[in-house]
Amino acid sequence: MRYHNITKEDMLNGDGLRVVLWVSGCTHACEGCQNPVTWDLCGGLPFDETAHEELMEALDRDFISGITFSGGDPLHPQNIPDVTALAKEVKARFPHQTIWLYTGYLYEDIKDLEIMNYLDVLIDGPFILKLLDKQLHWKGSSNQRTIDVPKTRQLGQIVLYDL
């Protein structure tokens, strides 16, 4: 996996103060995307042991609410194995922190992926410029959903995350 940045104290990409891992690779190519530099699958830097240690150190602080995976698309097929392994590790090491993930895919198409076992919140759907709404919390266009993954899996129907 490759990545562009690790943001260590972010308040825009999920609830609370979060660490954000910005991965490389996205084929959705949404018009008006805020991060087109992250589309290139070969862009950014290799997510090596140094980056892994930096990420874990950033998470190992009492005031951090959790991690958000963004990009690019963390669920681009190239990223799924590594992002899943990281989500699993974070859930085990920091069980009181939440894991959020942004993807251009719809929940219905990815609901059976292993990573869903570790996610607390999923923001799904492509960004659609004509549906841009700057008043929305944690998403850019009104078609996107902020999904409470554990409740959705438990009930077998989409449950939106309460603000």
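None of the figures in this text is laboratory data; all of them are computed from the coordinates on show. This structure is a prediction, so every number in the text was calculated from the model and none was measured. All Cβ positions, even for glycine, are placed from backbone atoms using ideal geometry, and neighbour counts span all protein chains on display.
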Filter the stretch 7-41 for residues that are in contact with an Asp or Glu (Cβ under 6 Å, 6 or more places away or on another chain) and within 15 Å of Arg61 (Cβ to Cβ); the one that is surrounded by the most Cβ atoms within 10 Å (Cβ to Cβ) is Arg18
If we ask which residues in the stretch 121-163 are in a loop (DSSP other than H, G, I, E, B) and in contact with a helix residue (DSSP H, G or I) (Cβ under 6 Å, 6 or more places away or on another chain), their number turns out to be 4
Picking from Cys26, Cys30, the residue that is closer than 20 Å to Ile115 by Cα, of a type outside the set (Gly, Ala, Ser) and in contact (Cβ under 8 Å) with a residue 60 or more places away in the chain would be Cys26
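Select from the stretch 90-114 the residues that are aromatic (Phe, Trp, Tyr) and more than 14 Å from Arg153 (Cα to Cα) and list them in ascending order.
Phe94, Trp100, Tyr102, Tyr105, listed by residue number.
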In the stretch 42-52, anything of a type outside the set (Ser, Thr, Tyr), surrounded by fewer than 19 Cβ atoms within 10 Å (Cβ to Cβ) and more than 14 Å from Val20 (Cα to Cα) is listed as Cys42, Gly43, Leu45, Pro46, Asp48, Glu49
Scanning the stretch 70-115 for residues that are of a type in the set (Gly, Ala, Ser) and in contact (Cβ under 8 Å) with a residue 24 or more places away in the chain, the one farthest from Cys30 (Cα to Cα) turns out to be Ala87
Residue count, the stretch 114-134, condition surrounded by 14 or more Cβ atoms within 10 Å (Cβ to Cβ) and more than 22 Å from Leu163 (Cα to Cα), comes to 2
